[in-house]
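S.K.: Dumping the structure here so I can ask a few things about it.
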Amino acid sequence: MPWQNYNSMPFEDSFRNQIDLEQLNTFGVKVTAECMIPISSEEGLQEVLKNTEGPFRILGGGSNILFTQDVNGVLLKNEIKGMEVVERNGHWAIVKVGGGERWHDFVCWCLDQNLGGIENLSLIPGTVGAAPIQNIGAYGIELKDVFYKLSAIRLSDGRIRSFSPADCTFDYRDSIFKKDFKGQYFITRVYIKLTSKDHQIRTRYGAIQDKLLEWEIQKPSIQDVSQAVIHIRKQKLPDPEKLGNAGSFFKNPIIPTRHFEQLKKRFPDIVHYPAGEGQIKVPAGWLVERCDWKGKRVGAVGCYEKQALVIVNYDNATGPEIWLHAQKVMKSVFETFGVMLQPEVNVW
């Protein structure tokens with residue numbers, strides 16, 4: 001790597017200028033950062049904030065970002081590590097994990113400790129620090145279901161703050177860190193509350209149950225559920241190391257029941273799920289596929305052949321080219337269904 005951890009060297013040597021970010025974003029977009037500083041501790045970040053002029057931006061695993069231009073200012077790379085059980089009783093345990101840990105590595109560590117609750121979130125890319133921002137979710141569970149608290153540092157003054165679940169105002173693929181506090185806090189530690197026995201096994205969402213039956217598993221463990229999720233995700237989603245992508249590009253839209261009923265008259269087979277009183281969730285992938293984007297390639301960009309919701313970089317596409325493709329998909333869905341898709345990916 002062309003840089004080293006801040007805490008291991010003198011302050012003036014911690015900066016690395018004009019950093020190539022192609023290998024640090026899963027779309028594989030070729031852009032550069034004016035300046036990047038890896039952060040491996042809270043104290044290191046506070047020192048950087050005290051001695052450096054912004055503006056500051058934060059990079060985790062680069063798996064939920066579309067770069068459309070070079071990054072100006074100072075890019076802070078979250079490299080804070082560590083996983084440990086900090087509290088335990090007979091039925092549950094609270095785990096503290098560094099924001100720079102890879103999410104899937106954390107899931108695997110918890111499974112090794114026989115701690116349950118996040119097995120359905122296996123193989124989700126990105127870092128732990130990004131998980132609360134996005135309120136990541138898959139196969140019937142969201143981060144908010146197991147979230148206990150987090151610690152974060154405010155970039156404007158270096159002050160540490162603890163956020164409770166209520167403070168985070170979690171919503172579907174959303175949190176206060178994507179709204180009022182967007183770009184203002186660097187998440188250093190996340191605390192997750194997991195079961196240590198009598199785990200709740202969730203197999204009804206998606207194809208998990210079918211996969212377990214195929215494997216002739218009648219009484220699945222949390223490890224079995226994780227393996228099923230990993231298998232399903234690998235079948236549906238392209239490997240970013242082989243085909244640049246950021247997973248699901250769009251959120252599943254939630255629309256008023258009245259709008260849904262109108263759509264159902266035109267599209268009787270529309271897939272849908274309840275989303276609270278007076279609201280219906282419609283899978284974005286279904287909408288995109290019905291607009292004939294699945295497997296369609298335009299130049300170096302396209303929608304993946306096995307999952308329409310995934311936009312892929314086939315051949316060294318630029319960020320603007322990928323974003324233009326996404327906008328065409330959004331326009332097509334709106335013209336057909338009157339539904340405006342919202343990107344799940346952060347567009348920089």
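Every read-out reported here was derived from the displayed coordinates using simple, explicitly stated rules and does not represent laboratory data. Computed from a predicted model, the values in this text were never measured in an experiment. No Cβ is skipped: glycine too gets one built from the backbone with ideal geometry, and neighbour counts run over all protein chains shown.
S.K.: With unit charges on the beta carbons (Lys and Arg positive, Asp and Glu negative) and the dipole taken about the Cα centre of segment 192-256, which residue among Gly247, Val225, Leu237 sits farthest to the positive side?
M.R.: About the Cα centre, the residue reaching furthest to the positive side is Gly247.
S.K.: Please check: in the Gaussian network model of the chain (C-alpha springs, under 10 Å), which one of Pro132, Pro240, Pro268 has the largest mean-square fluctuation.
M.R.: With Cα springs under 10 Å in the chain, the top fluctuation among Pro132, Pro240, Pro268 is at Pro268.
S.K.: What value, in deg cm²/dmol to 500, does the helix sum -39500 (n - 2.57) over DSSP H runs of n ≥ 4 give at 222 nm once divided by the residues of the chain?
M.R.: Mean residue ellipticity at 222 nm (helix-derived): -7000 deg cm²/dmol.
S.K.: Additional query: Using a Förster distance of 30 Å, how high is the FRET efficiency between Lys81 and Arg154, based on the Cβ-Cβ distance and rounded to 0.05?
M.R.: Once rounded, the FRET efficiency stands at 0.85.
S.K.: Want the number for Ile230 to Ile201: 0.36 nm per residue separation, take away the alpha-carbon distance, what's left?
M.R.: Here the segment from Ile230 to Ile201 would lengthen by 8.9 nm.
S.K.: Non-local amide H neighbours of Gly82 (under 5 Å, H modeled in plane, Pro and chain starts lacking H): which ones?
M.R.: Excluding prolines and chain starts, which carry no amide H, the hits are Gly98.
S.K.: Still on this structure: Residues with amide H under 5 Å of Asn245's amide H, sequence separation 5 or more or different chain, H placed in the peptide plane at 1.01 Å from N; which?
M.R.: Phe27, Asn313
S.K.: For a quick check of your reading of the filter: which trypsin sites (Lys or Arg not before Pro) in segment 282-346 sit in a DSSP loop and have no more than 12 other Cβ atoms within 10 Å?
M.R.: Lys306
S.K.: Also, I was wondering about something else. So, in nm, how far is label Ala300 from label Lys264 when the simple model puts each one 7 Å beyond its Cα toward the Cβ?
M.R.: Going from the Ala300 label point to the Lys264 one covers 4.5 nm.
S.K.: How would you rank 259-267, 339-347, 92-100, highest first, on the average number of other Cβ atoms within 10 Å across their residues?
M.R.: In descending order of packing, they fall as 92-100, 339-347, 259-267.
S.K.: What trypsin sites (Lys or Arg not before Pro) does segment 127-235 have in DSSP loop regions with at most 12 other beta carbons within 10 Å?
M.R.: Passing sites in segment 127-235 are Arg159, Lys179, Lys182, Lys197, Arg204.
S.K.: Only Cα pairs under 8 Å and at least 6 apart count here; give the relative contact order of the chain as a rounded whole percent.
M.R.: 16
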